[in-house]
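Asker: I have a structure here, written as structure tokens, and I will follow up with some questions on it.
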Amino acid sequence: MVNLGRWLRTLHEAMTGFEHPGPWRFFGVVAPTLITHNDVAPYNVAFDGDEVAGVFDWDLAGPSTPDADLGLTAWTSIPLFRPIPVNDAAERLGVFAAGYGTAAERVLDAVEPRVQLAIDGIREAVRRGDEGMMNLAVTQGEPERTEAALADFLAVRHSPPAAQETRSWSRSSTVWPDRYRTLGRSRTN
């Protein structure tokens, strides 16, 4: 995770200032600041041990923001879209953020808008007849599957700390401890 964070930071630094008119397949973000991969996830990264050896599948490369890349990479790589032990998730989030050189709170806060962008983008691409996105809809149940996972993530993340003891995430017995849910947020109690 630390090397993946470093690799993503290096990509963002290398792409700063680079511009190209496209065309782009990526759904797009408001006020992009750089051109980047937009889908850095375990299924698009080759590792040699713990080191990133290569990143492939650049079909969604295009204008975006560092936060959007961070959010999606955390969603898929920690992973936040499925249940894992919460202490593992919190540790991985911290390691990934440290590798990138940012706060874990920034990464966690970037998840929802980026995942929602993917949901909306897949839906629109399917409407337009994009074969790759239509394949995701048919074979993987997208974007509904991701919508459900995001709703689970948000329900637990934003539940009161007392409810953390009894809330389950994605129909599992795994719950998120208060320290994970409130990363970067001031407590009012």
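Asker: For residues that are β-branched (Val, Ile, Thr) and not in a loop (DSSP other than H, G, I, E, B), scanning just the range 64-104, find the one that is farthest from Phe26 (Cα to Cα). Walk me through it before giving the result.
Answerer: Narrowing the range 64-104 to residues β-branched (Val, Ile, Thr): 65, 73, 76, 78, 84, 86, 95, 102.
In the following step, the residues that additionally are not in a loop (DSSP other than H, G, I, E, B) were identified as 73, 76, 86, 95.
Details: Thr73: 15, Thr76: 17, Val86: 31, Val95: 28 Å.
For the range 64-104, the residue satisfying everything is Val86.
Asker: Which members of the range 92-118 meet the condition of being surrounded by 19 or more Cβ atoms within 10 Å (Cβ to Cβ) and of a type in the set (A, V, I, L, M)? Give the derivation first.
Answerer: Taking the range 92-118 as the starting set, the residues that turn out to be surrounded by 19 or more Cβ atoms within 10 Å (Cβ to Cβ) are 92-93, 96-97, 100, 104, 107-108, 110-111, 114-115, 117-118.
Result: Leu93, Ala97, Ala104, Val107, Leu108, Ala110, Val111, Val115, Leu117, Ala118.
Asker: Any idea which residue in the range 134-149 is surrounded by the most Cβ atoms within 10 Å (Cβ to Cβ), counting only those that are in contact with a helix residue (DSSP H, G or I) (Cβ under 6 Å, 6 or more places away or on another chain) and under 14 Å from Trp75 (Cβ atoms)?
Answerer: Among those that are in contact with a helix residue (DSSP H, G or I) (Cβ under 6 Å, 6 or more places away or on another chain) and under 14 Å from Trp75 (Cβ atoms), it is Pro143.
Asker: Under 6 Å between Cβ atoms, which residue pairs at least 6 apart in sequence (or on different chains) link something in the range 128-140 that is of a type in the set (A, V, I, L, M, F, W, C) with a partner that is part of a helix (DSSP H, G or I) and surrounded by 12 or more Cβ atoms within 10 Å (Cβ to Cβ)?
Answerer: Every condition considered, the pairs that remain are Met133/Ile122; Met133/Ala125; Met133/Val126; Met134/Val126; Ala137/Val126.
Asker: Would you kindly identify the strands (runs of 3 or more DSSP E) lying entirely within the range 1-62 that contain at least 3 residues that are crowded, with 18+ Cβ neighbours inside 10 Å?
Answerer: Numbers: elements: 34-36, 45-48, 51-55.
Those strands (runs of 3 or more DSSP E) span 34-36.
Asker: So which pairs qualify, if the first residue must be in the range 25-41 and within 17 Å of Asp120 (Cα to Cα), the second must be outside any strand (DSSP E or B) and acidic (Asp, Glu), the Cβ gap must be under 6 Å, and the two must be at least 6 apart or on different chains?
Answerer: Arg25/Asp59
Asker: Looking at Ala125, is it at pLDDT below 95, more than 16 Å from the chain's Cα centre (by Cα) and either among the charged types (D, E, K, R) or surrounded by fewer than 13 Cβ atoms within 10 Å (Cβ to Cβ) (or both)? Let's see the steps before the verdict.
Answerer: Details: at pLDDT below 95: yes; more than 16 Å from the chain's Cα centre (by Cα): yes; either among the charged types (D, E, K, R) or surrounded by fewer than 13 Cβ atoms within 10 Å (Cβ to Cβ) (or both): no.
Considered against the rule, which asks whether it is at pLDDT below 95, more than 16 Å from the chain's Cα centre (by Cα) and either among the charged types (D, E, K, R) or surrounded by fewer than 13 Cβ atoms within 10 Å (Cβ to Cβ) (or both), Ala125 comes out as no.
Asker: Assess whether Ala110 counts as being touching a helix residue (DSSP H, G or I) at 6+ places or on another chain (Cβ under 7 Å), under 23 Å from Thr65 (Cα atoms) and at pLDDT below 95.
Answerer: On the way: touching a helix residue (DSSP H, G or I) at 6+ places or on another chain (Cβ under 7 Å): yes; under 23 Å from Thr65 (Cα atoms): yes; at pLDDT below 95: no.
So Ala110 fails the test.
The values are calculated or read from the model by the stated rules, or taken from the named source; none is laboratory data. Bear in mind that the values here come from a model prediction, so they are computed numbers and not experimental data. Note that each Cβ is placed from the backbone with ideal geometry, even for glycine, and that neighbours are counted across all protein chains shown.
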